[in-house]
Amino acid sequence: MPLIRDRNIETWDAEDVAAWEAGGSKVAKRNLIWSIVAEHVGFSIWSIWSVMVLFMPQAVYHVDAAGKFYLVAMPTLVGAFMRIPYTIAPARFGGRNWTVVSALLLLIPTVLTLYVMKQPDTSYTTFMVVAAFAGFGGGNFASSMTNINAFYPQRLKGWALGLNAGGGNIGVPVIQLIGLFVISAISNTAPEIVCAVYLVAIAVAALGAAFFMDNLRNQRSNLGAMVEALRYRDSWVMSFLYIGTFGSFIGFSFAFGQVMQINYLAGGDTAAQASLHAAQIAFIGPLLGSVARPFGGKLADRIGGGKVTLYVFVAMIFAAGILVGAGVLDDAQKGAPSGGQLAAYVVGFILLFILSGTGNGSTYKMIPSIFEAKAQGKDGWSREEKAAWSRSMSGALIGFAGAVGALGGVFINIVLRASYVGDAKSATNAFWVFLGFYVVCAVTTWVVFLRMTSRARAGEHVGRAPEPVAAG
(Lines give C-alpha, C1' and ligand atoms only; values in the text may rest on other atoms or scores of the structure.)
Protein backbone atom coordinates (compact mmCIF):
# COMPACT_ATOMS: atom_id res chain seq x y z
CA MET A 1 0.00 0.00 0.00
CA PRO A 2 1.25 3.51 -0.76
CA LEU A 3 2.10 5.71 2.19
CA ILE A 4 -0.65 8.41 2.29
CA ARG A 5 -0.54 11.46 4.54
CA ASP A 6 -3.30 14.05 4.28
CA ARG A 7 -3.94 13.35 0.58
CA ASN A 8 -0.18 13.28 -0.11
CA ILE A 9 1.23 9.95 -1.32
CA GLU A 10 4.91 9.90 -0.42
CA THR A 11 5.76 6.73 -2.34
CA TRP A 12 3.95 5.40 -5.40
CA ASP A 13 5.04 2.61 -7.71
CA ALA A 14 2.26 1.66 -10.10
CA GLU A 15 4.33 -1.24 -11.43
CA ASP A 16 4.37 -2.93 -7.99
CA VAL A 17 1.73 -5.60 -8.63
CA ALA A 18 1.34 -6.55 -4.97
CA ALA A 19 0.76 -2.93 -3.88
CA TRP A 20 -1.57 -2.37 -6.81
CA GLU A 21 -3.77 -5.32 -5.89
CA ALA A 22 -3.64 -4.45 -2.18
CA GLY A 23 -5.37 -1.11 -2.73
CA GLY A 24 -3.36 0.91 -5.21
CA SER A 25 -5.87 0.24 -7.99
CA LYS A 26 -8.69 1.77 -5.92
CA VAL A 27 -6.60 4.88 -5.25
CA ALA A 28 -5.82 5.25 -8.95
CA LYS A 29 -9.45 4.71 -9.95
CA ARG A 30 -10.66 7.34 -7.49
CA ASN A 31 -8.19 9.86 -8.91
CA LEU A 32 -9.12 8.91 -12.47
CA ILE A 33 -12.84 9.51 -11.88
CA TRP A 34 -12.38 13.03 -10.56
CA SER A 35 -9.71 13.80 -13.13
CA ILE A 36 -12.25 12.97 -15.85
CA VAL A 37 -14.83 15.23 -14.19
CA ALA A 38 -12.43 18.14 -13.97
CA GLU A 39 -11.13 17.71 -17.51
CA HIS A 40 -14.66 17.35 -18.85
CA VAL A 41 -15.63 20.70 -17.34
CA GLY A 42 -12.40 22.21 -18.65
CA PHE A 43 -13.17 21.18 -22.24
CA SER A 44 -16.69 22.58 -21.88
CA ILE A 45 -15.42 25.99 -20.76
CA TRP A 46 -12.75 25.92 -23.47
CA SER A 47 -15.55 25.62 -26.05
CA ILE A 48 -18.07 27.91 -24.34
CA TRP A 49 -17.79 30.57 -27.03
CA SER A 50 -18.77 28.09 -29.73
CA VAL A 51 -22.12 28.15 -27.90
CA MET A 52 -22.19 31.84 -26.98
CA VAL A 53 -21.97 32.96 -30.62
CA LEU A 54 -25.31 31.21 -31.20
CA PHE A 55 -26.77 33.65 -28.65
CA MET A 56 -25.32 36.70 -30.43
CA PRO A 57 -27.54 37.92 -33.27
CA GLN A 58 -25.67 40.58 -35.20
CA ALA A 59 -28.47 43.13 -34.85
CA VAL A 60 -28.14 43.00 -31.05
CA TYR A 61 -24.43 42.39 -30.40
CA HIS A 62 -23.04 44.08 -33.54
CA VAL A 63 -20.59 41.23 -34.19
CA ASP A 64 -20.66 39.84 -37.74
CA ALA A 65 -19.91 36.29 -38.85
CA ALA A 66 -16.23 37.04 -39.46
CA GLY A 67 -15.85 38.53 -35.99
CA LYS A 68 -17.46 35.46 -34.41
CA PHE A 69 -14.83 33.19 -35.98
CA TYR A 70 -12.15 35.20 -34.18
CA LEU A 71 -14.11 34.91 -30.94
CA VAL A 72 -14.07 31.11 -31.08
CA ALA A 73 -10.45 31.04 -32.28
CA MET A 74 -9.12 33.07 -29.35
CA PRO A 75 -9.71 30.40 -26.65
CA THR A 76 -8.13 27.80 -28.93
CA LEU A 77 -4.98 29.90 -29.30
CA VAL A 78 -4.62 30.60 -25.59
CA GLY A 79 -5.45 27.01 -24.66
CA ALA A 80 -2.75 25.68 -26.97
CA PHE A 81 -0.04 27.68 -25.22
CA MET A 82 -1.46 26.91 -21.77
CA ARG A 83 -0.87 23.21 -22.36
CA ILE A 84 2.90 23.56 -21.99
CA PRO A 85 2.97 24.91 -18.39
CA TYR A 86 -0.02 22.76 -17.47
CA THR A 87 1.98 19.66 -18.49
CA ILE A 88 4.56 20.19 -15.75
CA ALA A 89 2.23 21.68 -13.12
CA PRO A 90 1.12 18.37 -11.46
CA ALA A 91 4.71 17.41 -10.67
CA ARG A 92 5.47 20.89 -9.37
CA PHE A 93 2.37 21.50 -7.25
CA GLY A 94 0.80 18.05 -6.86
CA GLY A 95 -1.92 16.49 -9.00
CA ARG A 96 -4.71 17.06 -6.48
CA ASN A 97 -3.65 20.62 -5.69
CA TRP A 98 -3.35 21.59 -9.33
CA THR A 99 -6.67 19.98 -10.28
CA VAL A 100 -8.40 22.08 -7.61
CA VAL A 101 -6.62 25.26 -8.73
CA SER A 102 -7.15 24.64 -12.45
CA ALA A 103 -10.85 23.96 -11.83
CA LEU A 104 -11.27 27.15 -9.81
CA LEU A 105 -9.49 29.13 -12.53
CA LEU A 106 -12.42 28.23 -14.79
CA LEU A 107 -14.59 30.51 -12.67
CA ILE A 108 -12.85 33.51 -14.24
CA PRO A 109 -13.91 32.94 -17.88
CA THR A 110 -17.35 31.67 -16.82
CA VAL A 111 -18.21 34.67 -14.66
CA LEU A 112 -16.79 37.12 -17.22
CA THR A 113 -18.74 35.45 -20.02
CA LEU A 114 -21.95 35.62 -18.00
CA TYR A 115 -21.40 39.33 -17.38
CA VAL A 116 -20.52 40.46 -20.92
CA MET A 117 -23.26 38.39 -22.55
CA LYS A 118 -25.78 40.44 -20.57
CA GLN A 119 -24.17 43.62 -21.92
CA PRO A 120 -24.81 43.55 -25.70
CA ASP A 121 -23.14 46.95 -26.16
CA THR A 122 -19.81 45.57 -24.88
CA SER A 123 -16.96 46.42 -27.25
CA TYR A 124 -15.61 43.71 -29.55
CA THR A 125 -12.18 44.05 -27.95
CA THR A 126 -13.67 43.25 -24.55
CA PHE A 127 -15.42 40.20 -25.98
CA MET A 128 -12.08 39.00 -27.36
CA VAL A 129 -10.33 39.47 -24.01
CA VAL A 130 -13.05 37.54 -22.19
CA ALA A 131 -12.89 34.78 -24.81
CA ALA A 132 -9.14 34.55 -24.25
CA PHE A 133 -9.72 33.60 -20.60
CA ALA A 134 -11.67 30.56 -21.78
CA GLY A 135 -8.28 29.23 -22.89
CA PHE A 136 -7.72 28.14 -19.29
CA GLY A 137 -9.97 25.19 -20.09
CA GLY A 138 -7.67 24.07 -22.89
CA GLY A 139 -4.76 23.62 -20.51
CA ASN A 140 -6.68 21.23 -18.25
CA PHE A 141 -6.21 18.35 -20.66
CA ALA A 142 -2.42 18.43 -20.43
CA SER A 143 -2.23 18.46 -16.63
CA SER A 144 -4.96 15.83 -16.31
CA MET A 145 -3.29 13.42 -18.73
CA THR A 146 0.13 13.91 -17.15
CA ASN A 147 -1.25 13.26 -13.67
CA ILE A 148 -3.21 10.12 -14.56
CA ASN A 149 -0.29 8.79 -16.57
CA ALA A 150 1.71 8.68 -13.32
CA PHE A 151 -1.00 6.78 -11.41
CA TYR A 152 -1.35 3.80 -13.75
CA PRO A 153 1.02 0.94 -14.64
CA GLN A 154 2.19 0.58 -18.21
CA ARG A 155 -0.13 -2.36 -18.87
CA LEU A 156 -3.21 -0.22 -18.07
CA LYS A 157 -2.21 3.22 -19.36
CA GLY A 158 -4.06 2.86 -22.64
CA TRP A 159 -7.35 2.12 -20.90
CA ALA A 160 -6.90 4.84 -18.27
CA LEU A 161 -5.67 7.56 -20.65
CA GLY A 162 -8.38 6.65 -23.15
CA LEU A 163 -11.11 7.13 -20.55
CA ASN A 164 -9.53 10.35 -19.35
CA ALA A 165 -9.16 11.84 -22.82
CA GLY A 166 -12.54 10.66 -24.09
CA GLY A 167 -14.36 11.87 -20.99
CA GLY A 168 -12.73 15.26 -21.43
CA ASN A 169 -13.48 15.64 -25.13
CA ILE A 170 -17.15 14.87 -24.61
CA GLY A 171 -17.32 18.12 -22.66
CA VAL A 172 -17.53 19.86 -26.05
CA PRO A 173 -20.81 18.29 -27.24
CA VAL A 174 -22.25 18.38 -23.71
CA ILE A 175 -22.07 22.17 -23.43
CA GLN A 176 -23.47 22.41 -26.95
CA LEU A 177 -26.38 20.19 -25.91
CA ILE A 178 -27.01 22.45 -22.92
CA GLY A 179 -27.00 25.42 -25.27
CA LEU A 180 -29.48 23.60 -27.52
CA PHE A 181 -31.77 22.92 -24.56
CA VAL A 182 -31.72 26.58 -23.51
CA ILE A 183 -32.40 27.83 -27.06
CA SER A 184 -35.20 25.28 -27.53
CA ALA A 185 -36.85 25.91 -24.15
CA ILE A 186 -36.42 29.68 -23.89
CA SER A 187 -34.85 31.16 -27.06
CA ASN A 188 -31.47 32.59 -27.97
CA THR A 189 -31.78 35.37 -25.37
CA ALA A 190 -30.71 33.55 -22.18
CA PRO A 191 -27.00 32.66 -22.44
CA GLU A 192 -26.59 33.26 -18.70
CA ILE A 193 -28.34 29.94 -18.02
CA VAL A 194 -25.51 28.04 -19.74
CA CYS A 195 -22.95 29.93 -17.65
CA ALA A 196 -24.91 29.31 -14.44
CA VAL A 197 -24.97 25.55 -15.09
CA TYR A 198 -21.20 25.55 -15.38
CA LEU A 199 -20.65 27.60 -12.26
CA VAL A 200 -22.23 24.66 -10.43
CA ALA A 201 -20.22 22.12 -12.44
CA ILE A 202 -16.95 23.92 -11.63
CA ALA A 203 -17.78 23.87 -7.93
CA VAL A 204 -18.48 20.12 -8.08
CA ALA A 205 -15.19 19.45 -9.91
CA ALA A 206 -13.12 21.52 -7.48
CA LEU A 207 -14.73 20.03 -4.36
CA GLY A 208 -14.47 16.49 -5.74
CA ALA A 209 -10.78 16.96 -6.49
CA ALA A 210 -10.15 18.45 -3.05
CA PHE A 211 -11.85 15.61 -1.17
CA PHE A 212 -11.04 12.58 -3.30
CA MET A 213 -7.80 13.13 -5.24
CA ASP A 214 -4.19 12.75 -4.10
CA ASN A 215 -0.78 14.31 -4.70
CA LEU A 216 2.05 12.04 -5.81
CA ARG A 217 5.12 13.46 -4.13
CA ASN A 218 7.55 11.28 -6.10
CA GLN A 219 6.25 12.48 -9.47
CA ARG A 220 8.84 14.22 -11.62
CA SER A 221 8.50 17.04 -14.10
CA ASN A 222 9.07 16.03 -17.73
CA LEU A 223 10.22 19.44 -19.02
CA GLY A 224 13.73 18.10 -19.60
CA ALA A 225 12.30 15.09 -21.40
CA MET A 226 10.27 17.42 -23.61
CA VAL A 227 13.42 19.27 -24.66
CA GLU A 228 15.17 15.97 -25.44
CA ALA A 229 12.18 14.59 -27.36
CA LEU A 230 12.12 17.64 -29.62
CA ARG A 231 15.63 16.84 -30.83
CA TYR A 232 14.13 14.10 -32.98
CA ARG A 233 12.67 14.83 -36.41
CA ASP A 234 9.80 12.40 -35.87
CA SER A 235 8.60 14.45 -32.91
CA TRP A 236 8.04 17.47 -35.11
CA VAL A 237 6.42 15.39 -37.84
CA MET A 238 4.00 13.85 -35.35
CA SER A 239 3.15 17.29 -33.96
CA PHE A 240 2.45 18.47 -37.52
CA LEU A 241 0.18 15.50 -38.21
CA TYR A 242 -1.67 16.16 -34.97
CA ILE A 243 -2.57 19.58 -36.33
CA GLY A 244 -4.49 17.72 -39.02
CA THR A 245 -6.30 15.38 -36.61
CA PHE A 246 -6.87 17.09 -33.26
CA GLY A 247 -6.66 20.54 -34.83
CA SER A 248 -9.49 19.57 -37.16
CA PHE A 249 -11.52 18.12 -34.30
CA ILE A 250 -11.27 21.13 -32.00
CA GLY A 251 -11.41 23.71 -34.80
CA PHE A 252 -14.53 22.27 -36.39
CA SER A 253 -16.05 21.74 -32.93
CA PHE A 254 -15.84 25.49 -32.39
CA ALA A 255 -16.80 26.52 -35.95
CA PHE A 256 -19.39 23.96 -37.11
CA GLY A 257 -22.36 25.60 -35.39
CA GLN A 258 -21.36 29.02 -36.70
CA VAL A 259 -21.01 27.77 -40.30
CA MET A 260 -24.43 26.12 -40.16
CA GLN A 261 -25.99 29.23 -38.58
CA ILE A 262 -24.69 31.33 -41.47
CA ASN A 263 -26.18 28.91 -43.99
CA TYR A 264 -29.55 28.84 -42.24
CA LEU A 265 -29.62 32.64 -42.18
CA ALA A 266 -28.88 32.64 -45.91
CA GLY A 267 -31.76 30.20 -46.32
CA GLY A 268 -34.22 32.69 -44.86
CA ASP A 269 -34.28 31.75 -41.17
CA THR A 270 -34.65 34.42 -38.55
CA ALA A 271 -31.74 34.80 -36.11
CA ALA A 272 -33.58 32.76 -33.47
CA GLN A 273 -34.51 30.02 -35.95
CA ALA A 274 -30.96 29.84 -37.32
CA SER A 275 -29.53 29.53 -33.80
CA LEU A 276 -31.94 26.71 -32.97
CA HIS A 277 -31.34 24.80 -36.20
CA ALA A 278 -27.56 25.16 -35.87
CA ALA A 279 -27.63 24.06 -32.22
CA GLN A 280 -29.65 20.98 -33.14
CA ILE A 281 -26.80 19.82 -35.37
CA ALA A 282 -23.62 21.29 -33.86
CA PHE A 283 -23.20 18.78 -31.01
CA ILE A 284 -23.42 15.67 -33.22
CA GLY A 285 -20.00 16.08 -34.84
CA PRO A 286 -17.95 16.53 -31.64
CA LEU A 287 -19.84 13.68 -29.99
CA LEU A 288 -19.10 11.23 -32.80
CA GLY A 289 -15.50 12.45 -33.03
CA SER A 290 -14.98 11.82 -29.31
CA VAL A 291 -16.45 8.32 -29.54
CA ALA A 292 -14.30 7.50 -32.60
CA ARG A 293 -11.02 8.28 -30.80
CA PRO A 294 -10.53 4.96 -28.94
CA PHE A 295 -11.53 3.01 -32.04
CA GLY A 296 -8.71 4.72 -33.96
CA GLY A 297 -6.22 3.58 -31.33
CA LYS A 298 -7.61 0.05 -31.30
CA LEU A 299 -7.48 -0.19 -35.09
CA ALA A 300 -3.89 1.07 -34.97
CA ASP A 301 -3.07 -1.78 -32.57
CA ARG A 302 -4.14 -4.25 -35.24
CA ILE A 303 -2.80 -2.88 -38.51
CA GLY A 304 -0.33 -0.17 -37.51
CA GLY A 305 -0.67 3.49 -36.61
CA GLY A 306 1.07 4.73 -39.76
CA LYS A 307 -1.37 2.90 -42.04
CA VAL A 308 -4.47 4.00 -40.12
CA THR A 309 -3.29 7.62 -40.09
CA LEU A 310 -2.65 7.52 -43.84
CA TYR A 311 -6.09 6.03 -44.51
CA VAL A 312 -7.66 8.68 -42.28
CA PHE A 313 -6.06 11.58 -44.15
CA VAL A 314 -7.00 10.09 -47.54
CA ALA A 315 -10.61 9.78 -46.35
CA MET A 316 -10.49 13.35 -44.99
CA ILE A 317 -9.49 14.54 -48.46
CA PHE A 318 -12.69 13.05 -49.87
CA ALA A 319 -14.78 14.42 -46.98
CA ALA A 320 -13.38 17.90 -47.59
CA GLY A 321 -14.18 17.34 -51.27
CA ILE A 322 -17.87 16.98 -50.33
CA LEU A 323 -17.73 20.40 -48.66
CA VAL A 324 -15.97 21.89 -51.68
CA GLY A 325 -18.60 20.48 -54.04
CA ALA A 326 -21.47 21.83 -51.93
CA GLY A 327 -19.73 25.20 -51.62
CA VAL A 328 -19.13 25.50 -55.37
CA LEU A 329 -22.81 24.81 -56.08
CA ASP A 330 -23.82 27.29 -53.40
CA ASP A 331 -21.58 30.00 -54.87
CA ALA A 332 -22.87 29.34 -58.39
CA GLN A 333 -26.48 29.83 -57.29
CA LYS A 334 -25.66 33.03 -55.39
CA GLY A 335 -28.72 32.54 -53.25
CA ALA A 336 -30.16 30.44 -50.48
CA PRO A 337 -28.53 26.99 -50.22
CA SER A 338 -30.83 24.14 -51.16
CA GLY A 339 -31.79 21.34 -48.82
CA GLY A 340 -29.39 19.05 -50.66
CA GLN A 341 -26.51 21.45 -50.21
CA LEU A 342 -27.22 21.85 -46.49
CA ALA A 343 -27.29 18.05 -46.20
CA ALA A 344 -23.94 17.87 -48.00
CA TYR A 345 -22.44 20.36 -45.55
CA VAL A 346 -23.68 18.28 -42.61
CA VAL A 347 -22.44 14.98 -44.10
CA GLY A 348 -19.04 16.44 -44.97
CA PHE A 349 -18.49 17.91 -41.52
CA ILE A 350 -19.74 14.80 -39.70
CA LEU A 351 -17.33 12.63 -41.71
CA LEU A 352 -14.48 15.00 -40.87
CA PHE A 353 -15.35 14.77 -37.18
CA ILE A 354 -15.41 10.97 -37.20
CA LEU A 355 -12.20 10.74 -39.21
CA SER A 356 -10.34 13.32 -37.14
CA GLY A 357 -11.36 11.46 -33.97
CA THR A 358 -10.10 8.20 -35.45
CA GLY A 359 -6.86 9.95 -36.44
CA ASN A 360 -6.43 11.28 -32.91
CA GLY A 361 -6.26 7.72 -31.66
CA SER A 362 -3.94 6.46 -34.38
CA THR A 363 -1.46 9.36 -34.24
CA TYR A 364 -1.08 9.14 -30.47
CA LYS A 365 -0.68 5.40 -30.85
CA MET A 366 2.30 6.04 -33.10
CA ILE A 367 4.19 8.14 -30.54
CA PRO A 368 5.16 5.40 -28.05
CA SER A 369 5.87 3.06 -30.95
CA ILE A 370 8.36 5.49 -32.47
CA PHE A 371 10.32 5.89 -29.24
CA GLU A 372 10.11 2.18 -28.51
CA ALA A 373 11.86 1.57 -31.81
CA LYS A 374 14.46 4.27 -31.12
CA ALA A 375 15.12 2.84 -27.67
CA GLN A 376 16.24 -0.43 -29.24
CA GLY A 377 19.21 1.41 -30.72
CA LYS A 378 20.49 2.49 -27.29
CA ASP A 379 23.44 0.12 -27.09
CA GLY A 380 24.64 -0.73 -23.61
CA TRP A 381 21.31 0.12 -21.97
CA SER A 382 19.38 -2.42 -19.96
CA ARG A 383 15.82 -3.37 -20.91
CA GLU A 384 14.51 -1.34 -17.95
CA GLU A 385 16.50 1.73 -18.97
CA LYS A 386 15.20 1.52 -22.54
CA ALA A 387 11.62 1.16 -21.33
CA ALA A 388 11.93 4.09 -18.92
CA TRP A 389 13.45 6.32 -21.62
CA SER A 390 10.76 5.37 -24.11
CA ARG A 391 7.96 6.15 -21.63
CA SER A 392 9.54 9.47 -20.67
CA MET A 393 9.97 10.60 -24.27
CA SER A 394 6.47 9.45 -25.22
CA GLY A 395 4.83 11.28 -22.32
CA ALA A 396 6.70 14.48 -23.09
CA LEU A 397 5.82 14.40 -26.78
CA ILE A 398 2.16 13.69 -26.01
CA GLY A 399 2.04 16.99 -24.11
CA PHE A 400 3.90 18.97 -26.77
CA ALA A 401 1.99 17.49 -29.71
CA GLY A 402 -1.26 18.27 -27.90
CA ALA A 403 -0.25 21.92 -27.68
CA VAL A 404 0.83 22.17 -31.32
CA GLY A 405 -2.22 20.25 -32.50
CA ALA A 406 -4.56 22.68 -30.78
CA LEU A 407 -3.11 25.44 -32.96
CA GLY A 408 -4.81 23.71 -35.88
CA GLY A 409 -8.10 24.84 -34.39
CA VAL A 410 -6.92 28.43 -34.61
CA PHE A 411 -5.87 27.87 -38.22
CA ILE A 412 -9.31 26.52 -39.16
CA ASN A 413 -11.22 29.47 -37.70
CA ILE A 414 -8.86 32.06 -39.19
CA VAL A 415 -9.12 30.47 -42.64
CA LEU A 416 -12.92 30.35 -42.39
CA ARG A 417 -13.03 34.00 -41.36
CA ALA A 418 -10.78 35.02 -44.26
CA SER A 419 -13.00 33.08 -46.64
CA TYR A 420 -16.18 34.76 -45.45
CA VAL A 421 -14.74 38.27 -45.66
CA GLY A 422 -13.30 37.64 -49.14
CA ASP A 423 -14.95 38.47 -52.44
CA ALA A 424 -16.93 35.21 -52.47
CA LYS A 425 -18.19 35.72 -48.90
CA SER A 426 -18.56 31.97 -48.46
CA ALA A 427 -16.59 29.11 -46.92
CA THR A 428 -15.68 27.47 -50.24
CA ASN A 429 -12.14 28.86 -50.37
CA ALA A 430 -11.58 27.63 -46.80
CA PHE A 431 -12.76 24.15 -47.80
CA TRP A 432 -10.21 24.13 -50.62
CA VAL A 433 -7.47 25.03 -48.13
CA PHE A 434 -8.50 22.21 -45.80
CA LEU A 435 -8.51 19.73 -48.66
CA GLY A 436 -5.02 20.79 -49.72
CA PHE A 437 -3.71 20.55 -46.16
CA TYR A 438 -5.01 16.98 -45.81
CA VAL A 439 -3.21 16.08 -49.04
CA VAL A 440 0.04 17.36 -47.51
CA CYS A 441 -0.62 15.39 -44.30
CA ALA A 442 -1.31 12.19 -46.26
CA VAL A 443 1.86 12.54 -48.32
CA THR A 444 3.91 13.31 -45.20
CA THR A 445 2.56 10.25 -43.40
CA TRP A 446 3.35 8.00 -46.35
CA VAL A 447 6.86 9.35 -46.94
CA VAL A 448 8.01 9.48 -43.31
CA PHE A 449 6.26 6.58 -41.63
CA LEU A 450 5.52 4.08 -44.39
CA ARG A 451 7.89 4.48 -47.35
CA MET A 452 11.04 5.33 -45.36
CA THR A 453 10.42 2.90 -42.51
CA SER A 454 9.70 0.16 -45.03
CA ARG A 455 13.07 0.76 -46.65
CA ALA A 456 14.70 0.66 -43.23
CA ARG A 457 12.89 -2.66 -42.52
CA ALA A 458 11.46 -1.10 -39.36
CA GLY A 459 7.86 -0.69 -40.46
CA GLU A 460 6.67 -3.20 -37.89
CA HIS A 461 7.60 -0.82 -35.06
CA VAL A 462 5.47 2.11 -36.14
CA GLY A 463 2.09 1.98 -34.47
CA ARG A 464 2.56 -1.45 -32.90
CA ALA A 465 3.68 -0.78 -29.35
CA PRO A 466 2.62 -3.52 -26.95
CA GLU A 467 1.16 -0.94 -24.56
CA PRO A 468 -1.77 0.94 -26.17
CA VAL A 469 -1.81 4.70 -25.67
CA ALA A 470 -4.97 6.67 -26.32
CA ALA A 471 -4.96 10.42 -25.83
CA GLY A 472 -5.53 13.63 -27.63
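Excluding ligands, DNA and RNA, the accessible surface per residue across the chain is 38 Å² with a 1.4 Å probe. Listed values (i) 77, 65, 40; (ii) 69, 55, 31; (iii) 64, 63, 38 include one computed from this model; for Cα extents along the principal axes in Å that value carries the label (ii).
About the Cα centre of the stretch 21-152, what is the dipole size in debye to 20, counting +1 per Lys and Arg Cβ and -1 per Asp and Glu Cβ, all else neutral?
On the way: 8 positive and 4 negative charges, 82 e Å.
Charge dipole, the stretch 21-152, about its Cα centre: 400 debye, nearest 20.
The modelled label-to-label distance for the pair ALA203/SER187, using points 7 Å beyond Cα in the direction of Cβ, is 2.9 nm.
Report in % the part of the accessible area of the stretch 215-291 that belongs to carbon and sulfur, leaving out ligands and nucleic acids; probe 1.4 Å. Summing carbon and sulfur atoms, their accessible area is 61 percent of the total for the stretch 215-291. Here is how the number arises for the chain: DSSP H runs of 4 or more residues each give -39500 (n - 2.57), the sum is divided by the residue count, and the result at 222 nm is -25500 deg cm²/dmol. Between VAL17 and ARG92, the modelled labels are 3.8 nm apart [label points 7 Å from Cα along Cα→Cβ]. Taking a ≥ b ≥ c as the square roots of the eigenvalues of the Cα gyration tensor, the stretch 154-252 is oblate, since a/c reaches 1.5 or more and a/b is not larger than b/c. Modelled this way, with points 7 Å down the Cα-to-C-beta line, the labels at SER382 and ALA196 are 6.1 nm from one another.
Kirkwood analysis of the stretch 243-289, using all unique Cα-Cα pairs, places the hydrodynamic radius at 11.0 Å. Taking the longest Cα principal axis of the chain as reference, the axis of helix 428-445 is set at about 20 degrees.
Within the stretch 14-109, what whole-number % of the accessible surface is contributed by carbon and sulfur, with the 1.4 Å probe and all protein chains included in the calculation? Before the final figure, lay out the partial values.
On the way: 2210 of 3280 Å².
Taking all protein chains in place, the stretch 14-109 shows 67 percent carbon and sulfur surface.
When VAL440, VAL259 are compared by accessible surface with a 1.4 Å probe, the order from highest to lowest is VAL440, VAL259. Normalised by 2.2 N^0.38 Å, where N is the number of residues, the alpha-carbon radius of gyration of the stretch 200-337 equals 1.48.
For the chain, the residue among ILE370, GLN176, LEU77 whose Cα projects farthest onto the positive side of the dipole built from Cβ charges is ILE370. Close amide-amide hydrogen proximity is noted between ASN8 and ASN215, each under 5 Å apart and 5 or more residues distant or on a separate chain (H modeled in the peptide plane; Pro and chain starts excluded).
The values are calculated or read from the model by the stated rules, or taken from the named source; none is laboratory data. Computed from a predicted structure; not experimentally measured. Because the Cβ atoms are built from the backbone with ideal geometry, glycine has one as well, and the counts that use them run over all protein chains shown. Just the protein is used for accessible areas: all its heavy atoms, side chains included, with ligands, DNA and RNA removed. Shrake-Rupley method; radii C 1.70, N 1.55, O 1.52, S 1.80 Å.
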